[in-house]
1. What do the square roots of 5 times the Cα gyration tensor eigenvalues come to for the range 523-598, in whole Å, largest first, as semi-axes of the equivalent ellipsoid?
2. If each residue of separation counts as 0.36 nm, what is the full-extension length gain between GLU475 and SER380 once their alpha-carbon separation is subtracted?
3. What number results when the radius of gyration of the range 267-385, computed over Cα atoms, is divided by 2.2 N^0.38 Å?
4. Hey, what D do you get for the chain in µm²/s if you plug the Kirkwood alpha-carbon radius into Stokes-Einstein at 4 °C and 1.567 mPa s?
5. With the Cα gyration tensor of the range 114-196 giving a ≥ b ≥ c as the square roots of its eigenvalues, does the rule (a/c under 1.5 for rounded; else a/b larger than b/c for prolate; else oblate) give rounded, prolate or oblate?
6. Under 18 Å Cα to Cα from LYS233, which lysines show up? Leave out anything in the same chain fewer than 8 places away.
7. Skipping prolines and chain starts, which residues have an amide H placed within reach, meaning under 5 Å, of the one on LEU92, given they are 5 or more residues away or on another chain?
8. Quick one: plug the Kirkwood hydrodynamic radius of the range 79-133 (C-alpha pairs) into Stokes-Einstein at 10 °C, 1.306 mPa s, and report D in µm²/s.
Amino acid sequence: MGLLSEGSPLNWEETKRYADHVRKHGIIQFLNIYNKVKDRQKDVLKWGDEVEYMLLSFDHEHKKVQVLLQGEEILHELQNRGEKTNPNHPTLWRPEYGSYMIEGTPGQPYGGTMADFNTVEANMKLRRHEVFSLLKVNGTICTITAFPRLGCHQFTQPVYEPKPIESGASKSLFFPDEAINKHPRFSTLTRNIRHRRGEKIAINVPIYKDTNISSPFIEKFLNDDGEAARATKPDHIYMDAMGFGMGNCCLQVTFQACSISEARYLYDQLATICPIVPRKHSKYRISKSRYDSIDSYLSKCGEKYNDLELTIDDEIYKQLREGGIDHLLAQHIAHLFIRDPLTLYAERIHMDDANESDHFENIQSTNWQTMRFKPPPPNSEIGWRVEFRPMEVQLTDFENSAYVVFVVLLTRVILSYKLDFLLPLSKVDENLIVAQKRNAVCQGMFYFRKDIYKAGNPVVDGCACAQNGIDLDTEEYALMSIDTIINGKEGVFPGLIPIINSYLENMEVDVDTRCSILNYLKLIRKRASGELMTTACWLRKFVANHPDYKQDSVVTEKINYDLIMKCDQIAKGMHDCPKLIGQPVSKPKHSGGKHSTV
Ligand code: ADP
Ligand code: MG
Ligand code: MG
């Protein structure tokens, strides 16, 4: 989560009254930051991951597992033992939407040496250990994107029945308010979004139609005042609360660029990669809502590929242009600022726009897109950053490290070789739709740029652009499989991993780090080629092959228990899972050596 203040949250009616105030001052705050740091150069590479975790509780006697509503207490304890006693503590913990969730990051961002790639996994292991050591005997910490029985009867520990009452936060028939983080920000966000919409959230996800399921599948709801019956669709699973999206876990990576133009270039290039990394469940998406892919490129070379219709706030656009912001950045911000603020604190309405950025962050941090362009906070040492946000979390620290290291290495080759992945944004959106289909890794075909080396072209504003004046033609991109994009195909595409490998050949890396990186890239390679399963595929197979499964698309308590027990053992290294993870090469005992900076 971005902004998290203490104070008295306003209700929707009150917040709405200040919406224009927040937008106006948010822009002033942005302009103040921009004008102070627009010319900052030579910031070094820094980067860091964010992992969202779930706390779970086993009931071994009844063969059940439930989400454990202790996130707040555990967070408090983690912070007391960690950052509050030692500012150099190696982990940082933050609250997340679910009361059964928690977010962990490294204590400090990683720096720009190759050896940093070898510390990610150890840090993730430490985080898991810190939480695990605070849990009672039946508790565990799990990195799974979606809890399979989220919203089913008695899915929380302690058990709470949902109370779909008007005065509640979500009014959900399935997700009790007690499962929402107790920090008032989260219940206020939930209630204000519902009041702003004038109705509950309505998510309909197509049901997995197995052989033993009624057709059409139509859900019946207890305690429904009619709203659910109106909103549900046949052959879909209906969900009526933010918890079904924000209550899932993901993996994010943030990078600091050396300058604003490098940040804009990376933002655009990485946006095209978002559909390529596994993304099966996704936080819930309503077509082009606050939760979606990006809507406009920010770099000069992206301009000609901005083919989506962009709704912007004209007043704000004007305010930004008059403040000296160029067209592309102004339209990006004016687009984010079509949104209303969703929460506001009585104590934080009038502020010092030269030294604070709450109103800017308020709107910025409630646009939950695949990429985020992050300006430096006021008066800080931090530079211009971009955040890569489309990834699902993986079961093990090894896999999560692999995806993080892959993405960071990708940014290094993009910058070193001046790669150009840009496609019309409408094609990136088409890719995202394909990415969400079952088995997309093996079967999906994605638009990808054929010639990604733009060497020889003029480097404009820090990015290697396609030459101006070339007409957009379909020849620039082709449909490719994930295997081709990641691993390459003779005569078609060089492949992202072979490019990363050739970059690594020129770097000095100690044997141990090299071994870790090779194992990480091997995982990505084999997931892309289909030799290893994705987590989604592995989970589906586990359920489908469970002796209790009745081909009725239901994950029973017992199936869920066995599944999560298995996940827990895999995450703790008690159980190999070669079909999902492969066989990482073991490390040499003694190592050492020089390191290049990246
Ligand atoms: P968010 O607003 O996305 O929640 P966080 O403050 O949780 O952001 O941090 C996201 C990640 O950014 C963390 O992994 C952190 O280590 C990393 N980070 C912190 N400072 C920098 C920096 N100057 N450059 C790059 N990454 C940084
Ligand atoms: Mg965070
Ligand atoms: Mg983040």
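Readers should treat all values here as calculations from the given coordinates under stated rules, not as data from a laboratory. If you're wondering where the values come from, they're calculated on a predicted model, not measured in any experiment. All Cβ positions, glycine included, derive from the backbone under ideal geometry; neighbour counts span all protein chains shown.
1. Values: eigenvalues 237, 45, 20 Å².
Calculated on Cα positions only, the semi-axes equal 34, 15, 10 Å.
2. Numbers: separation 95, 0.36 × 95 = 34.20 nm, distance 4.48 nm.
Gain on extension, GLU475 to SER380, equals 29.7 nm.
3. Numbers: Rg = 15.3 Å, N = 119, 2.2 N^0.38 = 13.5 Å.
Output field value: 1.13.
4. Values: Rh = 25.2 Å.
Rounded, D is 51 µm²/s.
5. Numbers: a/c = 2.85, a/b = 1.87, b/c = 1.52.
Because a/c hits 1.5 or more and a/b exceeds b/c, the range 114-196 counts as prolate.
6. Within the straight-line cut-off, LYS233 pairs with LYS200, LYS209, LYS220.
7. THR105, GLY107
8. Numbers: Rh = 12.1 Å.
Approximately 131 µm²/s, per Stokes-Einstein.
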